[in-house]
Amino acid sequence: MNPSRGIAAGAVPALILGAFVCAGLIGLGYWATQGALAVKGLERSVTVKGLAEREVPADIAIWPITFTEVDNDVAALYDSVQRQTTLVLDFLAEQGFTADAISTAPPSIIDRQAQGYANAAQLPFRYTATATITVYTRDIERVRDAMTRLASLGQRGITIISAGGTAQFLFTGLNDLKPAMIEAATRNAREVADKFAADSDSRLGKIRRASQGLFSIADRDSNTPYIKKVRVVSTVEYYLSD
């Protein structure tokens, strides 16, 4: 038997095997390259923000009515504060507020001599009392109407301070608005993303990630604190493709 012929015969299967291995490596490299390109394509994205706003009426009013009285006799001062408290409560009842909507805090008494006020001995009255009666109600319109009539207490000899400026109007129905507002913010974000994709000759894909911003509630303006503006901004990232 010729040894060279045996070697040549044995080399043929090895060459065939090597060819298959090379072809497999080439194919593997091709698909790996295509996969890398596909992954790189998926990395293309755009991040946009969607805004939703809504104006709503306040549903709770907190209205403190604060008044002061002065005297040189503490006992007489307490009696005067009690009389004025009764007048304020009568006024609120006349405006249609029920007893369960009204709370009364004990008066705060300041002895100006004891507090070391400058020239305290020359002041006409030594003691000052401050009392606050608070209305807590969902009847916003009744509060607004009563605030316009508060001057009648002055005509009864009551010194009112911070009567209307400190009134708070709150909105507590946020949970009922959240689903619709989040949907509106997401829809707004989609519109912005569609415009971006069109301008960049791309197609908008699925959402890659999204985050809901915090809801904020603020007065519509300083003159209408009983009307609130609810606002939310959602951030959404979309995939882009050619």
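Against the test of being in contact with a helix residue (DSSP H, G or I) (Cβ under 7 Å, 6 or more places away or on another chain) and charged (D, E, K, R), the options Arg203, Arg220 yield a single qualifying residue, Arg203. Within the range 213-242, the set of residues being in a loop (DSSP other than H, G, I, E, B) and either under 13 Å from Ala52 (Cβ atoms) or not acidic (Asp, Glu) (or both) comprises Gly213, Leu214, Phe215, Arg220, Ser222, Asn223, Thr224, Pro225, Tyr226.
Ser152 meets each of the listed conditions (1) within 25 Å of Ser45 (Cβ to Cβ); (2) not basic (Lys, Arg); (3) not assigned by TED's automatic domain parsing to the domain that holds Leu51 apart from (1).
Could you check, for the range 195-207, whether at least one of its residues is under 30 Å from Leu51 (Cα atoms), within 29 Å of the chain's Cα centre (by Cα) and not charged (D, E, K, R)? The answer is yes, given that some residue of the range 195-207 is under 30 Å from Leu51 (Cα atoms), within 29 Å of the chain's Cα centre (by Cα) and not charged (D, E, K, R). There is no residue in the range 223-235 that is modelled with pLDDT of 90 or more, exposed (fewer than 15 other Cβ atoms within 10 Å of the Cβ) and touching a strand residue (DSSP E or B) at 6+ places or on another chain (Cβ under 8 Å). One residue stands out in the range 114-160 among those that are modelled with pLDDT under 90 and in contact with a strand residue (DSSP E or B) (Cβ under 7 Å, 6 or more places away or on another chain): the one that is nearest to Pro57 (Cα to Cα), namely Leu150.
Specify the residue that is farthest from Pro225 (Cα to Cα); the eligible residues are those in the range 134-189 that are of a type in the set (Ser, Thr, Tyr) and part of a strand (DSSP E or B). Spell out the reasoning first.
Start the filter on the range 134-189 by keeping residues that are of a type in the set (Ser, Thr, Tyr), which leaves 134, 136-137, 148, 152, 159, 162, 166, 172, 186.
Now drop any that are not part of a strand (DSSP E or B), which leaves 134, 136-137, 159.
Details: Thr134: 18, Tyr136: 16, Thr137: 15, Thr159: 25 Å.
Filtering the range 134-189 for residues that are of a type in the set (Ser, Thr, Tyr) and part of a strand (DSSP E or B), the one farthest from Pro225 (Cα to Cα) comes out as Thr159.
Lys49 meets all of the listed conditions (1) part of a loop (DSSP other than H, G, I, E, B); (2) in contact with a Gly (Cβ under 9 Å, 6 or more places away or on another chain); (3) not hydrophobic (A, V, I, L, M, F, W, C) but one, namely (1).
Residue-level analysis places Ala197 outside the set of residues that are surrounded by fewer than 12 Cβ atoms within 10 Å (Cβ to Cβ), outside any strand (DSSP E or B) and among the aliphatic types (A, V, I, L, M).
Name the residue that is nearest to Leu123 (Cα to Cα), counting only residues in the range 64-101 that are over 43 Å from the mean Cα position of the chain (by Cα) and among the polar types (S, T, N, Q). Step by step, filter the range 64-101, then rank; the result is Asn72. All told, Ala76 falls short of being aliphatic (A, V, I, L, M), surrounded by 17 or more Cβ atoms within 10 Å (Cβ to Cβ) and at pLDDT 95 or above. In this structure, is Gly157 outside the structural domain of Ala52 (by TED's automatic domain parsing) and touching a helix residue (DSSP H, G or I) at 6+ places or on another chain (Cβ under 9 Å)? Yes: the conditions hold for Gly157.
The values are calculated or read from the model by the stated rules, or taken from the named source; none is laboratory data. Computed from a predicted model, the values in this text were never measured in an experiment. So basically every Cβ, Gly included, is an ideal-geometry build from the backbone, and we count neighbours across all protein chains shown.
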